[in-house]
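Colleague: Next up is a structure, given as structure tokens.
The values are calculated or read from the model by the stated rules, or taken from the named source; none is laboratory data. From a predicted model like this one, the values you see are computed outputs, not experimental measurements. Heads up, the Cβs are rebuilt from the backbone with ideal geometry, glycines too, and the neighbour counts pull from every protein chain shown. Surface areas here come from the heavy atoms of the whole protein model, side chains and all, with no ligands, DNA or RNA. Shrake-Rupley method; radii C 1.70, N 1.55, O 1.52, S 1.80 Å.
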Amino acid sequence: SISITTATETSPATSAETSASPTASETAKPSETASDTSAPSESAVLTLADYFPILPDVSCRFDVSGGKDLPVSTYVEFIGQDTIQIKYDNGTTVKHVLYAIRNGEVRIAGERSELYAREDLSLLPSVGDGEILLKEPLKVGTTWYVGGGIRSITDLKAQVDTPTGMYSAIEVTTIGNDTATRQYYAPGIGLVKTVRTGAFED
């Protein structure tokens, strides 16, 4: 089965779509509030910071199709020199995730659910190494292990169609026991689409 999530930009651009596992079909639209989110030129050498930019005051809405997941709204709560904290709200639950972009990796550095105060997770004690979302070298074939599967870079210029436009994005594919998830990161924007496929239906 497949589910897709589409994001609608409401602050410094972010568009995402998922089809097939880890939200089989999901697309988000971000909305710009105050930052230049223009993508790097084609001749530029792209880095992790391009594909996972640290931008303040960005909000997005991810609409889901083909699955049972609820639409998700996101908002950037805090940024640091190499960290960004995002709140995820689907109207039922709220989750706060701290991401760190360092040592050639984009990694989850902290996570909390149902916080009732706006709290900077980077100030709390580290809970150990979290999941790696993206890893250098940024080339096809780069592979690493995640909980329950193997993740790798499978395309550097995937053409991704979203409600906010067409993007040339890096494709990261995660293979689990019974699912496959493809996530797309566009330069200067970040995650724009997620496509999940597999036997994940109830």
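Colleague: Given a 1.4 angstrom probe, I'd like the percentage of the accessible area of segment 90-202 that is carbon and sulfur, rounded to a whole number.
Modeller: Solvent-exposed carbon and sulfur of segment 90-202 make up 49 percent of the total.
Colleague: Could you rank TYR167, TYR145 by how accessible they are, 1.4 Å probe, largest area first?
Modeller: Highest to lowest solvent-accessible surface, that is TYR145, TYR167.
Colleague: Tabulate in residue order the Karplus-calculated ³J(HN,Hα) for segment 106-111, using 6.51 cos²θ - 1.76 cosθ + 1.60 with θ = phi - 60°, rounded to whole Hz; enter x for Gly and Pro.
Modeller: After applying 6.51 cos²θ - 1.76 cosθ + 1.60, I find 9, 9, 6, 9, x, 7 Hz.
Colleague: Let me ask something additional. Could you provide, to the nearest whole Å², the per residue accessible area of segment 76-178 with probe 1.4 Å?
Modeller: It amounts to 56 Å² per residue over segment 76-178.
Colleague: Would you mind putting 130-142, 170-182 in packing order, based on average other-beta-carbon counts within 10 Å, highest first?
Modeller: The most tightly packed comes first, giving 170-182, 130-142.
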